[in-house]
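The values are calculated or read from the model by the stated rules, or taken from the named source; none is laboratory data. The model shown is predicted, which means the values in this text are computed figures rather than measured ones. Cβ placement follows ideal geometry from the backbone for every residue including glycine, while neighbour counts extend to all protein chains displayed. Remember, those area values only see protein heavy atoms, side chains included, never the ligands or the DNA or RNA. Shrake-Rupley method; radii C 1.70, N 1.55, O 1.52, S 1.80 Å.
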Amino acid sequence: QVQLVESGGGLVQPGGSLRLSCAASGSIFRIYTMGWSRQAPGKERELVARITPDGSIIYADSVKGRFLLARDNAKSKSTVSLQMNSLKPEDTAVYYCNAAAPSNLLDLRDYWGQGTQVTVSS
């Protein structure tokens, strides 16, 4: 069964840093767009950052200059990491890893991780 295994997250003071990591087993994920979304209490889930198979990255305006997304496509596993710096209380949310299948390959499905809590508070 395919899974996205997330790690990282936790409690950090404002201005601090955290690193999230997400691993997807299977060489198929090399053709997936991977990234992170987040959902704060009472708010809709929003995109944080995503990276395409060719390395193009999109960041939400709210995290530009503070967050850094990176991707590693090993032989049998794809890993995407999110380095979060200069964290603010408004970054507090549950962060979800996502792997999105190419839109032209209808036989493939998207995947979501179970979510990891990030809390920024003094």
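For region 85-104, name all the residues that are aliphatic (A, V, I, L, M) and farther than 19 Å from G55 by Cα.
First, the residues of region 85-104 that are aliphatic (A, V, I, L, M): 87, 93-94, 99-101.
Selection gives L87, A93, V94.
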*Do we find that F29 is under 12 Å from the mean Cα position of the chain (by Cα) and open to solvent by less than 20 Å² (accessible area, probe 1.4 Å) in this structure?*
no
*asked:* Which condition from (1) more than 15 Å from T116 (Cβ to Cβ); (2) aliphatic (A, V, I, L, M); (3) more than 15 Å from the chain's Cα centre (by Cα) is the one that L87 breaks?
replied: (1)
_Which pairs turn up if I take residues in region 90-114 that are part of a loop (DSSP other than H, G, I, E, B) and look for partners that are surrounded by fewer than 17 Cβ atoms within 10 Å (Cβ to Cβ) and hydroxyl-bearing (S, T, Y) with beta carbon separation below 9 Å, at least 6 apart in sequence or on another chain?_
T92/T119; T92/S121
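Identify, from the list L47, L82, L68, L20, the residue that is hydrophobic (A, V, I, L, M, F, W, C), open to solvent by 70 Å² or more (accessible area, probe 1.4 Å), in a strand (DSSP E or B) and in contact with a strand residue (DSSP E or B) (Cβ under 6 Å, 6 or more places away or on another chain).
After applying the criteria, what remains is L68.
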